[in-house]
Every structure is written in structure tokens, then in C-alpha cells.
Amino acid sequence: MRFTLIGDPASSPFEHARGIHALVLGWIASADQESAKELHDANQLKPLTIGPLIQLGAGGKHIFDVCLLSEWLEPLIRTGARNTDRVILGRSQYHLSTSVQAVSRISWEDLLDRAEPVSCWRIRLHTPTAHHAVGTIRKSIIVPSPEYYFGSWIARWNMCAPFSFDPNLRDLIAERVAVSDCCGHTERITYGRRQVAIGFVGTVAFELLQPQSVPPPARAALDALVRYASFCGTGVGSLRGMGQTAVADTIT
């Protein structure tokens, strides 16, 4: 879902990330307070992602995308947005366009049906992407890693899809999937005035080693996950514009 705001330009696409996050949760709460509370309080992955605020030209027009991984959220968000005209983000005021654009839509079944048993994939990280290492001290993992990237997509798939992937798929990724090419840089972003995050921006290619010994259904499952990444995002901060992912190409 793509929303349009008209108003003063922001200093960066992430300046109002927390405000837009609160705006979307507010829309959900206006229709279903219990669901909004669960989304806000639960210390787990969320069934939606929110993109950064992108300025289009010099006319004060901005857009941000909300990708829904669960269908039940769509009517709640549409209802909340329909009843909103003025949006306050920080010290800036915006007008919310009544037109909500559906950028892309696909079913879980179609994601699997379109998947191919390929062995190489290339993705593009449009916004800073990072993961948190497991442990008592929060440590960010910036360098692209098959285990973290594919693991992120599997977790989001299993959370929302009506059917889960075989748990052994994680072992296959750890043993057989490698980074074959990587071109990009790290980027530092600031939410508001204080919160800082660092992530990788650029392209990453993954390759399945010795693919001839991997059954086609398993290779197709990996391909489905890569395609899913353009909807679910990658890594942490996906409700504040981080981890925006696109499939650059697949290679047979």
C-alpha cells in the first residue's frame, strides 16, 4: 500500500520514521485497539513493514509504503487512513492524500508456484540493513550473511504464511549457501535526534554450492524466500524503513 503526503521536505527519508510508525499503528488502533496493542507490545516480528518517506520532486509530494504480510490488516489500515486528513510528524504538518495505491499483491500459493529451482540469486538492499546477534548484549551484524538474511525471511514466512518451511532448510542454508558477490557500503541513519542505526546498502549475490545434489523442491523453496524478501524486508528496523529489499535477478 502506497500513501502520499503533501508538505515540507524532511531532512532525510528517516527523520519521521518513528512518527510514521506511530501513525500506522494509530490507524490500526482506531479500528481495533486490541490488535494494535498486541502489535505494539509483542516482542517479536511484526506482520507488516513500513518504508522510508521518499520525496518526489520539488512540489512537496512524499510517499511511503506499507507492506502487509497478513490480509486482516488491510481493512483496518484503510479505514484509519480514510478518516485522516492532516498528519503531524515532528514539527511538520502534512496533508494525506485520500488515494491509496496498491503497488503489488501476491498470494502465498503464487509465491511458491512462481519459484524456480535455481541456484543463484541477487538482491538489492535499498535502505540500511542489519541484524541483531543472539546474546545478552545487543550487537549489530552489518556484513551480509546467508544465515541471517535467509533466516530473517524464513522467520517472517513461518510467522504469517498458512504453511511453514521444513526446519531442515536452515541447515541447508548454513551448509550450502554462500555470498558470491557483494557491492555496496555501510550507511548511518538517525531517527529523530538521538537514535542511530547502521546498515548495509547495495547488492548481494547468493550461490547454492553443489546445487546438483540439492532436490529441486528445496532449491525452489530458497527461490520463494528470495522473492518474498521484496515484501517482508530484511533484518531489523523494518517498521522504520530499514531493510527494504528488491530482487535484482535470478540466475539459472
Open item on the list: I need every pair where a residue in the range 159-181 that is on the phi < 0 side of the Ramachandran plot has its Cβ under 7 Å from the Cβ of a residue that is of a type in the set (S, T, N, Q), sequence separation at least 6 or different chains.
Closed with: Cys160/Ser70; Ser164/Asn158; Phe165/Asn158; Arg176/Gln210
Open item on the list: Criterion first (outside the structural domain of Leu73 (by TED's automatic domain parsing), out of contact with any Lys or Arg (no Cβ under 8 Å at 6 or more places or on another chain), under 19 Å from Thr49 (Cβ atoms) and modelled with pLDDT under 95) does Ser140 satisfy it?
Closed with: yes
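If you scan the range 80-104, which residues turn out to be part of a helix (DSSP H, G or I) and either out of contact with any Ser or Thr (no Cβ under 6 Å at 6 or more places or on another chain) or free of Cβ contacts under 8 Å to residues at least 40 places away in the same chain (or both)?
Hits for the range 80-104 are Ala81, Arg82.
Condition check: within 19 Å of Asp110 (Cβ to Cβ) and touching a Lys or Arg at 6+ places or on another chain (Cβ under 6 Å). Does Ala246 satisfy that?
Details: within 19 Å of Asp110 (Cβ to Cβ): yes; touching a Lys or Arg at 6+ places or on another chain (Cβ under 6 Å): yes.
Yes; evaluated as a whole, the condition is true for this residue.
Does the range 196-217 hold any residues that are under 21 Å from the mean Cα position of the chain (by Cα) and either in contact (Cβ under 8 Å) with a residue 12 or more places away in the chain or surrounded by 14 or more Cβ atoms within 10 Å (Cβ to Cβ) (or both), and which are they?
Step one: list which residues in the range 196-217 are under 21 Å from the mean Cα position of the chain (by Cα), which gives 196-206.
Answer for the range 196-217, where residues must be under 21 Å from the mean Cα position of the chain (by Cα) and either in contact (Cβ under 8 Å) with a residue 12 or more places away in the chain or surrounded by 14 or more Cβ atoms within 10 Å (Cβ to Cβ) (or both): Ala197, Ile198, Gly199, Phe200, Val201, Gly202, Thr203, Val204, Ala205, Phe206.
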TODO: Within the range 1-18, count every residue that is part of a helix (DSSP H, G or I) and surrounded by fewer than 18 Cβ atoms within 10 Å (Cβ to Cβ).
DONE: 1
Task: Subset of the range 61-102 [surrounded by 13 or more Cβ atoms within 10 Å (Cβ to Cβ), modelled with pLDDT under 90 and in contact with an Asp or Glu (Cβ under 9 Å, 6 or more places away or on another chain)] - done: Gly90
- [ ] Would you point out the residue of the range 218-252, among those that are modelled with pLDDT of 95 or more and over 15 Å from the mean Cα position of the chain (by Cα), that is surrounded by the most Cβ atoms within 10 Å (Cβ to Cβ)?
- [x] Leu222
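Here's a check for you: in the range 105-142, which residue that is among the β-branched types (Val, Ile, Thr), in contact (Cβ under 8 Å) with a residue 60 or more places away in the chain and outside any loop (DSSP other than H, G, I, E, B) is surrounded by the most Cβ atoms within 10 Å (Cβ to Cβ)?
Going residue by residue through the range 105-142, those that are among the β-branched types (Val, Ile, Thr) are 106, 118, 123, 127, 129, 134, 136-137, 141-142.
Narrowing further to those that are in contact (Cβ under 8 Å) with a residue 60 or more places away in the chain: 106, 118, 123, 127, 129.
From what is left, the residues that are outside any loop (DSSP other than H, G, I, E, B) are 123, 127, 129.
Numbers: Ile123: 24, Thr127: 23, Thr129: 31.
Once the filter is applied, the top-ranked residue is Thr129.
The values are calculated or read from the model by the stated rules, or taken from the named source; none is laboratory data. Quick caveat, the model's predicted, so the values are computed rather than measured. Reconstructed Cβ throughout: ideal geometry from the backbone, glycine too, with neighbour counts over all protein chains shown.
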